[in-house]
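Notes to accompany the following structure.
The values are calculated or read from the model by the stated rules, or taken from the named source; none is laboratory data. What you see is a predicted model; the values in this text were computed from it and never measured. Cβ sites come from the backbone with ideal geometry, for glycine too, and all protein chains shown count toward neighbours.
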Amino acid sequence: MVKYFLFFCIILTAGTVEAQRFNAGLVLGMNASQLNGDFSAGFNRLGIHGGLRATTYFTDKFELALEMLYSQRGSRYGLISRIRTNYVEIPVMACYKDWYNEQDDYYKMEFSAGLTYGYLISTQLEASAYQEPFLNKHDFGFLAGATFNLNKHWGIGTRYTRSLNYLYNPEKQPLNENALLSYFLSFRVRYML
């Protein structure tokens, strides 16, 4: 884990490279999440979503972005938080920009899609039939989102993320047959250097 963080820090310091091929920034926002299979509906579990972002530019309109995020997810029924999960998440995205502002020299819209990996660092199970030893530590998923840039530095956006594998492994504990598939919406503010 430490080596990934050091690698990310090196990427962040590369923002002054000739021709500004790299950039870095901060992301802060909120997740609204849900788990299929827990007998509750809606994006009711709110949590923090934030961390660091690094980008490399291929053309004026196309870039590759990497983020290292702390991400809270889970599910909730009424006032009861049934399942709380905390992840270190690493999304990798292809980003396409459009709607150029000539006066201020930036693109107003950015559309992104990619893959994400999450490592489960902690859980809280309340009023739940699920048990922590049977939860998968690794989460693989896909994402798609859009960001409206207010200027060269600030942007606001939303993102949809869905897991490709289950949080819960029913084969390890067959008494509970619902495998729990995670999905969530992220609402975020971004600052780029």
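Reported count of residues in segment 169-193, each being among the aliphatic types (A, V, I, L, M), at pLDDT below 95 and surrounded by 17 or more Cβ atoms within 10 Å (Cβ to Cβ), is 2. Each residue in segment 58-89 was checked for being of a type in the set (S, T, Y), at pLDDT below 95 and either surrounded by fewer than 17 Cβ atoms within 10 Å (Cβ to Cβ) or under 12 Å from the mean Cα position of the chain (by Cα) (or both), and 1 pass. For segment 22-45, a residue qualifies if it is out of contact with any Gly (no Cβ under 6 Å at 6 or more places or on another chain) and modelled with pLDDT under 90, and the qualifying residues are Q34, L35, N36, G37, D38, F39, S40, A41, G42, F43, N44.
So that you can scan it fast, the table gives a plain yes or no per residue for (1) touching a Gly at 6+ places or on another chain (Cβ under 7 Å); (2) in contact (Cβ under 8 Å) with a residue 40 or more places away in the chain; (3) closer than 16 Å to L143 by Cβ:
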position	(1), (2), (3)
L52	no, yes, no
T55	no, yes, yes
F58	no, no, no
E63	no, no, yes
S75	no, yes, no
T85	yes, yes, no
M93	yes, yes, yes
Y96	no, no, yes
W99	no, no, no
